[in-house]
Amino acid sequence: MTAVAGIPFVEPLEGLVYGAVDRLSPLVARVVAENPSKFTYKGTGTYIIGRDDVVVVDPGPNLDSHRTALERALDGRRVRGIVVTHCHSDHVPLSYWLAESTQARTYGFGPHPRPIGTDALDDDDDGESKNTGDGEEREHTDFDFVPDVAVGDGQTFLTVDDWSLAAVHTPGHTSNHLCVHLDAENALFTGDHIMGWSTTVVSPPDGNMADYMASVRKLIARSDAVLYPTHGNPVRNPAPFLAAYLAHRVERENQIIELLRRGPSTIRAMVEVLYADVRRELHKPARRSVMSHLLKLYDDGVVTTAVDAPPSMRCIWSVVDR
Ligand SMILES: [Zn+2]
């Protein structure tokens, strides 16, 4: 949510023209949708991979302007596949139109799991944001999207001309989040797993911080030459960027432990301290982020809740004495 101090090489998206085709490499071009927000930065970057035969990654939001821009950018070229990194509403909606109009198949890890029952992790009503709409606080999810082809981690699922795409499963932002590797340029399309401008939202219960940090480590262990996030500019020197990205999470985790060493606390109170320098409108998503850290630390046996209280947005947390 917040721009990450200390993460190097974040290029601002200056001079961006919505709907224009940015040529980023011999095989990769991008069209940015005009849906700027605190979740999407300047907007959703839809990637077009290939020459005459192309694959589209994250077609983007249902905006007439973006659909027209994509149509123009594709310019009658043959769409051989549509990749969806995950099912948030700034990524999926135009895939229905694109699949219908091109007969191309959609590829993804799988549908987004539906939430089960009511959820104590969701009980974060602060009475402040009733009329801002859920979309202001949370990314909307398309639970109905089911990819035509479900691809598994490590699977090379599409070959076009002299290049291929392979799946890299990166759960964390969502459990079904997929990154995609382009072999010919050793490039990784990172969706929302790695953003080019900020940290990623990890919101329980589907968002999972333990998985997320493991998925960042998974990319650290790779040697991709460039990362193409759906939001923000390409990351052309991934190693130090990813190291700083992970360090930011480890640091936040340590801050939470330190805070709880001073005494038991609620998420709400912790956010007041940890995000003191962040605009109040961001405190609600920040509480979800702190929750995701606490759930990880709870599973690790580092923190616990007040006697017999299951983890929830409202319970009291403390450090386990060891
Ligand atoms: Zn997302």
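Summary table below
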{"item": "Residue check, Gly207 within 13 Å of the ligand (Cβ to nearest atom) and closer than 14 Å to Gly232 by Cβ", "result": "no"}
{"item": "Test for Gly207: is it in contact with a Ser or Thr (Cβ under 8 Å, 6 or more places away or on another chain) and at positive phi", "result": "no"}
{"item": "Segment 306-322, subset of a type in the set (A, V, I, L, M, F, W, C) and out of contact with any helix residue (DSSP H, G or I) (no Cβ under 7 Å at 6 or more places or on another chain), residue surrounded by the fewest Cβ atoms within 10 Å (Cβ to Cβ)", "result": "Val307"}
{"item": "Count - residues of segment 75-103 that are away from the ligand (no atom under 16 Å from the Cβ) and either surrounded by fewer than 19 Cβ atoms within 10 Å (Cβ to Cβ) or more than 17 Å from Ala29 (Cβ to Cβ) (or both)", "result": "11"}
{"item": "Test for Val303: is it within 19 Å of Met213 (Cβ to Cβ), among the β-branched types (Val, Ile, Thr) and surrounded by 12 or more Cβ atoms within 10 Å (Cβ to Cβ)", "result": "yes"}
{"item": "Restricting segment 150-164 to residues that are part of a strand (DSSP E or B) and surrounded by fewer than 14 Cβ atoms within 10 Å (Cβ to Cβ), the residue that is nearest to the ligand (Cβ to nearest atom)", "result": "Thr156"}
{"item": "Members of segment 207-227 that are of a type in the set (Asp, Glu) and in contact with a strand residue (DSSP E or B) (Cβ under 8 Å, 6 or more places away or on another chain)", "result": "Asp224"}
{"item": "Hits in segment 165-177 - residues which are among the hydroxyl-bearing types (Ser, Thr, Tyr) and buried (at least 22 other Cβ atoms within 10 Å of the Cβ)", "result": "Thr170, Thr174"}
{"item": "Test set (1) loosely packed, with under 14 Cβ neighbours inside 10 Å; (2) more than 23 Å from the chain's Cα centre (by Cα); (3) without any contact (Cβ under 8 Å) to a residue 12 or more places away in the chain - Ala269 fails condition number", "result": "(1)"}
{"item": "Pick from segment 240-266, criterion within 19 Å of Asp321 (Cβ to Cβ) and among the polar types (S, T, N, Q), ranking: surrounded by the most Cβ atoms within 10 Å (Cβ to Cβ)", "result": "Ser265"}
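Rule-based calculations on the coordinates, nothing more; no lab input. What you see is a predicted model, and the numbers here were worked out from it, not measured in a lab. So basically every Cβ, Gly included, is an ideal-geometry build from the backbone, and we count neighbours across all protein chains shown.
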